[in-house]
Amino acid sequence: MRRLGPLPWILAATVWGGSAQPASAQGFAETTDVVVVEVPVQVVRDGEPVRGLSAADFEVYDGRRKVEITGFEVLDLYAPGQKRTRLPISARRHFLLLFDLAFSDARSVVRAREAARDLVLQGLHPEDLAAVATYSASRGPQIVLGFTADRRQIDAALDTLGIVPDADRPPDPLRLVVAQRDETDRPADTRSAVQSRRTSEAGLELEALTNEALLSELGSMGKLGERANTSSQRTAVTAFARSFADLGKLMGSVLGRKYVVLLSEGFDTSLVTGSTDQKERDELAQDTLEGNVWEASSEQVFGDTKSLNEIEGMLESFRRADCVIQTVDIGGLRAAGAGAADTPGRAGGKDSLFQIARGTGGDLIENANDLSGAMDKMLKRTGVTYVLSFQPEKLKRDGAYRKLRVELKGAPRGTRVVHRPGYFAPKPYAEMTSLEKLLETASQITSGEERGAIHAAVLAAPFRVAGETAYVPVVIEVDGPGLLAGTQGATLPTEIYVYALDEGGAIHDFLAQSFGLETAKAGPALQQSG
């Protein structure tokens with residue numbers, strides 16, 4: 001039993017068992033495996049979203065084949081009088097706040113947290129989901145907090161960036177909970193809670209301590225651009241590109257419209273594109289004519305083709321995932337006070353951030369002090385989403401990429417249709433990476449959608465006790481044949497996740513349990529019941 005706060009609650013439970021496959025005609029159960037592809041579409045004219053369209057206005061092509069639109073939904077975040085409803089996960093915007101620790105000064109990273117907070121509290125719509133992640137040269141991309149609507153958890157993740165763990169309680173395996181709430185001291189409004197923490201004397205002391213701890217940890221990592229030679233820096237850029245290419249593939253498994261907000265100082269573009277100094281290029285040309293080619297470094301002047309290919313592969317990975325990167329130059333926060341002479345390589349850093357953003361359809365934001373205001377046009381432009389659904393025929397579960405095309409009938413001149421360029425066919429759960437499994441499970445919890453191969457029923461019975469909390473026994477009934485489907489080996493690994501959410505999507509408590517079932521002993525009973 002768990003002690004929870006005031007009701008009402010939304011109780012979300014997910015059960016994973018081994019390498020479960022979609023069940024078909026096993027025992028008393030029979031299911032039909034149907035894949036539905038949802039395509040979020042934005043229609044923009046003169047920089048403003050186009051409203052009032054219907055399914056009859058669109059045509060969808062799966063590869064070269066025109067498909068029937070079987071589902072249609074409209075999400076208008078900024079319509080007057082818009083009522084809060086439980087939206088499909090594919091219709092909600094996902095923002096990954098990604099802090100680059102490898103190519104950024106530690107103090108810039110710490111200051112950038114306030115810009116990210118401003119975006120979350122002032123810019124994002126309540127229906128938007130946000131996640132927090134970091135990138136370092138030693139560990140690559142690390143998810144601090146998965147996609148959630150819980151603004152307090154996002155604020156807690158920004159406080160620590162995952163560097164200061166909570167030792168009082170085992171961490172949430174799905175990374176939806178960073179800090180446990182104190183229900184006895186919780187203002188109803190998230191924004192007022194954050195502001196009161198900052199303005200109170202105790203809050204200021206807590207924040208100063210967090211900054212000091214972060215600066216110590218980040219400082220020990222060191223900014224690559226300030227202490228590494230050219231070869232090491234170029235290697236670091238290649239590692240950055242490869243790691244981000246993997247991140248792009250991971251984002252492809254996330255349903256919905258996706259944006260990465262990359263907070264970074266960027267890397268010196270001359271490392272990969274070569275020198276922009278025309279005098280240096282002329283000297284190399286002269287050395288070549290005189291036969292002194294050994295005195296010049298062609299990579300230093302003309303760039304590194306291998307690194308350029310890695311970066312282009314990274315950008316293609318995000319384009320395929322329908323994920324836009326908005327780059328934020330956090331170096332400007334430090335450069336504004338330091339002066340241009342104190343910030344060598346800043347021009348090259350901004351150039352790299354510009355190229356990354358442009359390569360995915362995003363923008364470079366230099367005024368990080370007002371991140372919400374800088375992204376306002378983009379947020380309003382993407383506030384109206386049409387979700388088109390279709391059912392592909394004879395789709396193989398091989399994870400292959402399939403191209404999509406969406407056309408608007410009779411579109412006036414100047415109208416732009418923005419949609420995902422393709423989708424990845426589903427693949428068996430056993431073939432997913434650990435991070436893909438994590439995001440898949442967390443997405444089911446956040447969305448509240450009932451789907452999956454394992455049939456389960458959940459009963460939660462709250463009992464009021466003294467005070468404002470309640471005891472809530474949770475009973476989960478699992479279909480045995482569905483749980484056993486696709487099982488291999490003598491032990492069936494099983495995972496159960498239960499989260500208590502309020503109507504605003506904030507998580508107040510959770511429990512997670514992993515155990516193994518010996519199929520020789522438990523198998524017959526599971527086949528008969530569950």
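Assessment of segment 391-410 against the conditions (aliphatic (A, V, I, L, M) and without any contact (Cβ under 8 Å) to a residue 60 or more places away in the chain) yields at least one matching residue. Evaluation of residue 23 against the conditions (1) assigned to a loop (DSSP other than H, G, I, E, B); (2) open to solvent by less than 20 Å² (accessible area, probe 1.4 Å); (3) at pLDDT 90 or above shows that the sole unmet condition is (3). For the structure I just gave you, tell me whether residue 247 is surrounded by 13 or more Cβ atoms within 10 Å (Cβ to Cβ), in contact with a Phe, Trp or Tyr (Cβ under 7 Å, 6 or more places away or on another chain) and either at pLDDT below 90 or not small (Gly, Ala, Ser) (or both). Against the criterion (surrounded by 13 or more Cβ atoms within 10 Å (Cβ to Cβ), in contact with a Phe, Trp or Tyr (Cβ under 7 Å, 6 or more places away or on another chain) and either at pLDDT below 90 or not small (Gly, Ala, Ser) (or both)), residue 247 does not qualify. Please state which one of 469, 494 is on the phi < 0 side of the Ramachandran plot, open to solvent by 20 Å² or more (accessible area, probe 1.4 Å) and touching a helix residue (DSSP H, G or I) at 6+ places or on another chain (Cβ under 9 Å). One residue alone meets the criteria, 469.
Based on what the data block shows, is residue 154 among the β-branched types (Val, Ile, Thr), modelled with pLDDT under 80 and either closer than 21 Å to residue 122 by Cα or surrounded by 15 or more Cβ atoms within 10 Å (Cβ to Cβ) (or both)? Give the derivation first.
Numbers: among the β-branched types (Val, Ile, Thr): yes; modelled with pLDDT under 80: no; either closer than 21 Å to residue 122 by Cα or surrounded by 15 or more Cβ atoms within 10 Å (Cβ to Cβ) (or both): yes.
It is false that residue 154 is among the β-branched types (Val, Ile, Thr), modelled with pLDDT under 80 and either closer than 21 Å to residue 122 by Cα or surrounded by 15 or more Cβ atoms within 10 Å (Cβ to Cβ) (or both).
When restricted to residues that are outside any strand (DSSP E or B) and more than 30 Å from the chain's Cα centre (by Cα), segment 451-481 contains 11.
With 350, 427 as the choices, which residue is of a type outside the set (S, T, N, Q) and more than 17 Å from residue 252 (Cα to Cα)?
Numbers: 427 fails: more than 17 Å from residue 252 (Cα to Cα).
Result: 350 is the single residue among 350, 427 that is of a type outside the set (S, T, N, Q) and more than 17 Å from residue 252 (Cα to Cα).
Could you run through segment 116-135 and say how many residues are over 18 Å from residue 256 (Cα atoms) and either open to solvent by 10 Å² or more (accessible area, probe 1.4 Å) or modelled with pLDDT under 90 (or both)? Summing the residues that are over 18 Å from residue 256 (Cα atoms) and either open to solvent by 10 Å² or more (accessible area, probe 1.4 Å) or modelled with pLDDT under 90 (or both) in segment 116-135 gives 4.
Count of segment 464-523 residues, restricted to those that are over 30 Å from residue 179 (Cβ atoms) and β-branched (Val, Ile, Thr), is 4. Candidates 441, 487: the one that is in a loop (DSSP other than H, G, I, E, B) and either polar (S, T, N, Q) or in contact with a helix residue (DSSP H, G or I) (Cβ under 9 Å, 6 or more places away or on another chain) (or both) is 487.
I need a count of the residues in segment 90-147 that are of a type in the set (Phe, Trp, Tyr) and in a loop (DSSP other than H, G, I, E, B). Give the steps one after another, and end with the answer.
To start, the set of residues in segment 90-147 that are of a type in the set (Phe, Trp, Tyr) comprises 95, 99, 103, 135, 147.
Within this subset, residues satisfying the condition of being in a loop (DSSP other than H, G, I, E, B) are 103.
The number of residues fulfilling the criteria is 1.
Scanning segment 325-362 for residues that are modelled with pLDDT of 55 or more, crowded, with 17+ Cβ neighbours inside 10 Å and part of a loop (DSSP other than H, G, I, E, B) yields a count of 2.
Exactly one of these conditions fails for residue 171: (1) at pLDDT below 90; (2) in a loop (DSSP other than H, G, I, E, B); (3) open to solvent by less than 10 Å² (accessible area, probe 1.4 Å). Give me its number. Against the list (1) at pLDDT below 90; (2) in a loop (DSSP other than H, G, I, E, B); (3) open to solvent by less than 10 Å² (accessible area, probe 1.4 Å), residue 171 comes up short only on (3). On the given criteria, is residue 481 at pLDDT 85 or above, open to solvent by less than 30 Å² (accessible area, probe 1.4 Å) and more than 30 Å from residue 142 (Cα to Cα)? Taking the combined requirement at face value, the residue satisfies it. The residue that is farthest from residue 448 (Cα to Cα), counting only those in segment 506-530 that are over 25 Å from the mean Cα position of the chain (by Cα) and in a loop (DSSP other than H, G, I, E, B), is 529. The set of residues in segment 33-68 that are among the hydrophobic types (A, V, I, L, M, F, W, C) and either in a loop (DSSP other than H, G, I, E, B) or without any contact (Cβ under 8 Å) to a residue 12 or more places away in the chain (or both) comprises 34, 35, 36, 50, 53.
The values are calculated or read from the model by the stated rules, or taken from the named source; none is laboratory data. Note that the structure is a prediction, hence the values are computed from the model and not measured. Note: ideal-geometry Cβ built from the backbone for every residue, glycine included; neighbour counts use all protein chains shown. Only protein heavy atoms, including side chains, enter the accessible area calculation; ligands, DNA and RNA are left aside. Shrake-Rupley method; radii C 1.70, N 1.55, O 1.52, S 1.80 Å.
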